[in-house]
């Protein structure tokens, strides 16, 4: 009986050591995932491209100094403030403004009168 208790005690101690080791590895890995630089440096080329598209959209351009993008993932908006102050990143948002008259033609007349429009369902 005493031998069985010692065997169980050794197994528990070994399991505790493994648990401590796994906890350290997990903790370090979790910290590394929080580091975008670490994550980017350890990705292959295809996954780097995917990450860039998720952060900046597909329209990312560079003129050699300043990066321009039509989109920035909102998660990184605090980083945008830092990069824009350093003049390293600019967001070229589409305004959606059109100089054409909505629902109109070139002479300015409307294409149809919506006031008497009664759709049937």
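Step by step: first the residues of the range 44-72, then only those that are surrounded by 13 or more Cβ atoms within 10 Å (Cβ to Cβ) and part of a loop (DSSP other than H, G, I, E, B), then the one that is farthest from the chain's Cα centre (by Cα). Which residue is that? Spell out the reasoning first.
Quick first cut of the range 44-72, residues surrounded by 13 or more Cβ atoms within 10 Å (Cβ to Cβ) only: 48, 51-53, 55-57, 60, 66-72.
Now restrict to residues that are part of a loop (DSSP other than H, G, I, E, B): 57, 60, 66, 70-72.
On the way: 57: 9, 60: 14, 66: 20, 70: 14, 71: 11, 72: 8 Å.
Among residues in the range 44-72 that are surrounded by 13 or more Cβ atoms within 10 Å (Cβ to Cβ) and part of a loop (DSSP other than H, G, I, E, B), the one farthest from the chain's Cα centre (by Cα) is 66.
Do you know which of the residues in the range 73-108 that are under 30 Å from the mean Cα position of the chain (by Cα), farther than 21 Å from residue 58 by Cβ and not in a loop (DSSP other than H, G, I, E, B) is modelled with the lowest pLDDT?
78
When the residues of the range 1-43 are narrowed to those that are in a loop (DSSP other than H, G, I, E, B) and under 19 Å from residue 79 (Cα atoms), which ends up modelled with the lowest pLDDT? Give the steps one after another, and end with the answer.
Start the filter on the range 1-43 by keeping residues that are in a loop (DSSP other than H, G, I, E, B), which leaves 1, 34-35, 42-43.
Filter once more, so that each one left must be under 19 Å from residue 79 (Cα atoms): 34-35.
Details: 34: 67, 35: 73.
The selected residue is 34.
The values are calculated or read from the model by the stated rules, or taken from the named source; none is laboratory data. In this text, all values refer to a predicted model and were calculated from it rather than measured experimentally. Every residue, glycine as well, gets a Cβ built from its backbone with ideal geometry; the counts of neighbours run over all protein chains shown.
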